[in-house]
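A.B. asks: Starting off with a structure, shown below.
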Amino acid sequence: MIPNHRMWDYDLVKDVFNRRDQDCILQIPLSSRSNCDTWYWLPDAKGIYTVRSCYKWMDIISEPPGSGVWSKIWKLAVPAKIKNFLWRAVANVVPTADNLLSRRVEVHPYCTICNASLETTYHVLVDCPFAKQCWMVSLVGFARNFVNFGAWLDALFIRCSIEDSCLAAMVCWGLWQNQNNKVWNHVVGRVSQVLNKAGQDMPADLTLGSVCWKRPRFGWFKCNVGAATSRATARISYGAVIRSSEDNFLAAKCGSLIGIFEAREAEALGVREVLS
């Protein structure tokens with residue numbers, strides 16, 4: 001506004017804001033009174049903002065994806081940070097590409113894992129090919145054709161036991177961490193890594209869904225090989241450990257190679273190096 005004139009400074013508004021914001025700002029009526037403007041929180045009778053009043057207001061305007069999904073999230077036997085993440089995912093306020101773009105943050109709109117679809121909450125946690133593999137390999141299974149993540153989670157709570165629901169929550173967290181690891185560190189995770197981490201982080205009395213190492217048949221040895229890729233350094237790292245059917249440690253090896261490879265190629269190269 002122009003100081004002491006109770007009118008908009010049209011030139012300043014046009015210089016600073018885009019056309020859409022200009023129209024919105026200039027449509028705001030200005031009071032003819034000389035009183036100074038003050039902040040007023042409309043949902044509260046006294047105009048004072050409190051977290052409690054905000055929570056009540058959000059509860060009124062929000063439309064839960066299904067009956068009881070909110071209470072089921074808070075009753076899960078998982079760490080509080082996982083419950084908070086699920087709540088934010090259902091409310092669609094996690095910083096996915098589509099949410100960032102809606103807030104005018106310039107980011108790549110497509111999923112960094114598959115680079116084939118827009119990065120939404122539902123895509124990252126359910127519909128991405130990598131996420132689908134995780135769900136199909138896990139005990140939870142994969143279910144499709146939902147309009148959003150909230151509807152998918154509500155249906156999962158209905159069909160799954162409490163143990164599988166807790167495992168699904170941990171897998172969702174693992175998928176989100178994997179997505180961020182790809183964005184910030186350029187590291188491509190593996191399905192087994194996500195599921196193993198989900199199983200390891202489960203509470204001690206709820207470990208039915210974990211993916212654990214199994215002993216080979218009597219008289220046999222088992223060699224487990226893992227690999228990680230880094231596009232930033234153009235290298236892959238691999239590691240391997242050999243154990244007997246009695247679960248005794250026999251040997252281990254690790255190393256790195258120069259080159260940019262996909263996850264499967266990196267693992268294959270790791271196997272080749274270990275066997276050589």
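Bear in mind that the values in this text are calculations on the coordinates, not laboratory data. In this text the structure is predicted, and so the values were computed from the model without any measurement. Neighbour counts run over all protein chains shown; Cβ positions are idealised from the backbone, glycine included.
A.B. asks: Among all the lysines, which ones have a C-alpha under 27 Å from Lys56's C-alpha, if same-chain residues fewer than 8 places away are not counted?
C.D. replies: In chain and number order, the partners are Lys46, Lys72, Lys75, Lys81, Lys83.
A.B. asks: Can you tell me the orientation of helix 51-61 relative to the chain, as the angle in degrees between its alpha-carbon axis and the longest Cα principal axis, to the nearest 10?
C.D. replies: It is inclined by approximately 90 degrees.
A.B. asks: Among Ser256, Ser32, which comes first, then next, by fewest other beta-carbon atoms within 10 Å?
C.D. replies: The order, fewest Cβ neighbours first, is Ser32, Ser256.
A.B. asks: Please compute the contact order of the chain in relative form: average sequence separation of alpha-carbon pairs under 8 Å and at least six residues apart, divided by the residue count, as a percent.
C.D. replies: On the way: 339 pairs, mean separation 29.7, N = 276.
Relative contact order here is 11 percent.
A.B. asks: In the Gaussian network model of the chain, springs joining C-alpha atoms below 10 Å, which of Arg264, Arg52, Arg190 carries the largest mean-square fluctuation?
C.D. replies: Sorting by GNM fluctuation, first place goes to Arg52.
A.B. asks: Kindly identify segment 10-61 as rounded, prolate or oblate by the Cα gyration tensor criterion: order the square roots of the eigenvalues as a ≥ b ≥ c, call it rounded if a/c is under 1.5, otherwise compare a/b with b/c, prolate if a/b is larger, else oblate.
C.D. replies: Oblate is the answer for segment 10-61, as a/c is 1.5 or above yet b/c matches or exceeds a/b.
A.B. asks: Still on this model: Report the net charge of residues surrounding Thr120, where surrounding means a beta-carbon distance below 13 angstrom and charges are Lys +1, Arg +1, Asp -1, Glu -1.
C.D. replies: Details: positive: none; negative: Asp98, Glu119, Asp127.
That sum, taken over residues with Cβ under 13 Å, equals -3.
A.B. asks: Provide Rg and Dmax in Å for segment 33-192, with only Cα atoms included in the calculation.
C.D. replies: Cα radius of gyration and Dmax of segment 33-192 are 18.5, 67 Å respectively.
A.B. asks: Can you sort Thr96, Thr120, Thr38, Thr50 by how many other beta carbons sit within 10 Å, fewest first?
C.D. replies: Thr38, Thr50, Thr120, Thr96
A.B. asks: From the residues Trp184, Asn248, Val124, which one has its Cα farthest along the dipole of the chain in the positive direction, the dipole being from +1 and -1 charges on Cβ of Lys/Arg and Asp/Glu about the Cα centre?
C.D. replies: The listed residue farthest towards the positive side: Asn248.
A.B. asks: When N is the residue count of segment 106-156, what does its C-alpha Rg come to as a fraction of 2.2 N^0.38 Å?
C.D. replies: Taking N as the residue count of segment 106-156, the ratio is 1.16.
A.B. asks: What three numbers, in Å, describe the spread of the alpha carbons of segment 1-128 along their principal axes, ordered from the longest?
C.D. replies: Rounded to whole Å, the extents work out to 58, 40, 22 Å.
A.B. asks: Ok, one more. With contacts defined as alpha carbon pairs under 8 Å and 6 or more residues apart, what's the relative contact order of segment 121-276 in percent?
C.D. replies: 17 percent
A.B. asks: How large is the Kirkwood hydrodynamic radius of the chain, counting all unique pairs of alpha carbons, in Å? Let's see the in-between values first.
C.D. replies: Working: mean 1/r = 0.0437 Å⁻¹.
Kirkwood radius, the chain: 22.9 Å.
A.B. asks: Going toward the positive end of the dipole of segment 1-114, with +1 on Lys and Arg Cβ and -1 on Asp and Glu Cβ, which of Asn4, Val93, Leu76 do you reach last?
C.D. replies: After comparing all options, I get Leu76.
A.B. asks: Toward the positive end of the charge dipole of segment 69-200, about the Cα centre and with charges on Cβ (Lys, Arg +1; Asp, Glu -1), which of Gln200, Trp173, Leu139 goes farthest?
C.D. replies: In segment 69-200, that residue is Gln200.
A.B. asks: Right, here's the next one. Share of antiparallel DSSP beta bridges in segment 221-275, in percent to the nearest 5?
C.D. replies: 100 percent
A.B. asks: Further, regarding this structure: Just rank Trp152, Trp8, Trp176, fewest to most, by other beta-carbon atoms within 10 angstrom.
C.D. replies: Trp8, Trp176, Trp152
A.B. asks: Let me ask something else about it. Bin by bin, in steps of 10 Å, what percent of the Cα pairs in segment 221-275 do you find, going until the bin that has the longest distance?
C.D. replies: Reading upward from the zero bin: 27, 46, 21, 6, 0.
A.B. asks: log10 I(q)/I(0), Debye, Cα-only segment 60-149, no solvent, q = 0.14 Å⁻¹?
C.D. replies: -0.59
A.B. asks: Given the rule -39500 (n - 2.57) for each run of at least 4 DSSP H residues, summed and divided by the residues of the chain, what is its mean residue ellipticity at 222 nm, to the nearest 500 deg cm²/dmol?
C.D. replies: Theoretical 222 nm ellipticity from helices: -12500 deg cm²/dmol.
A.B. asks: Once you sort the root eigenvalues of the Cα gyration tensor of segment 142-276 as a ≥ b ≥ c, which label holds: rounded (a/c under 1.5), prolate (a/b larger than b/c) or oblate (the other case)?
C.D. replies: oblate
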